[in-house]
């Protein structure tokens, strides 16, 4: 069964698939001034610089109809997103988390339950008596049900760029009373990412890659979150030129012939766990032995979970890409 990644949210893919969605982990936030009483920050917003003091509750997140007021520091948090779970533990809010959904596989200490964000039972969530529920991309009707049970709900949708990653971490810091730790995490991520980019030798102009989301050849363009990471290291996706790539929201379905014709310099596999793919299997595909990536041994098997989440471990993903480029450069 093909996993639908968090980045595969475009309606065209959702309509085409009757598959279970798998959301990912990793977190970071952009430093923003901590809120005082009634402090406000846009949900999933960008980052800013400055010293952050711990928030004085109540704290209000968002504006207008989406505004959420958290009356006091949450002591019982439920996370319905694997990425959010990683974010919460990374900013020191782990002790406040009483339940996480079944996709939250990291960290191992997270209180994993049978809660399913994609077949959500609002009453089952309420049974944990949370004073804060954090979701990501949950259907509006389900959010309405949660709010009807008098639960404070914060939605952190899939990030489209690093600024949103940083903004979400910052917001979660404010929402949980861990603003300073959130700012420190963001600063650390920014420093590490800058270091990775600076230390990675730039490949020749036009150096390309094929990023495989699953064995049915779904891929990513440079315009996507993941594509931007590759772009920062000087690589271009072969999916950029695919017919219908823009209409697919940057996640077109390619085919074997297209990949062979495009002859990518690198192949990155984000389907090792879900779909059992490997460098050996890719090399043995009909016609693929001629690929520059295969000939040069430039096939990297990624950890599906890290590759599918937009939290703190995005640093690990970028580091893995960089390490492959350093070990197997394109001459």
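For the range 205-330, what class follows from the C-alpha gyration tensor (a ≥ b ≥ c being the square roots of its eigenvalues): rounded when a/c is under 1.5, otherwise prolate if a/b is larger than b/c, else oblate?
Rounded shape, in that the Cα axes give a/c under 1.5.
Mind sorting 305, 316 by how few other Cβ atoms lie within 10 Å of their own Cβ, fewest first?
Fewest to most other Cβ atoms nearby, the residues stand as 316, 305.
What's the ranking of 108-117, 242-251 by average number of surrounding C-beta atoms within 10 Å, highest first?
Working: 108-117: 15.1, 242-251: 16.7.
Packing proxy ranking, top to bottom: 242-251, 108-117.
If one computes P(r) from the Cα atoms of the range 80-146, what percent of pairs lie at distances over 16 Å?
When every Cα pair of the range 80-146 is considered, 39 percent fall beyond 16 Å.
Each reported figure results from applying straightforward, stated rules to the coordinates on display, with no laboratory input. This structure is a prediction, so every number in the text was calculated from the model and none was measured. Note: ideal-geometry Cβ built from the backbone for every residue, glycine included; neighbour counts use all protein chains shown.
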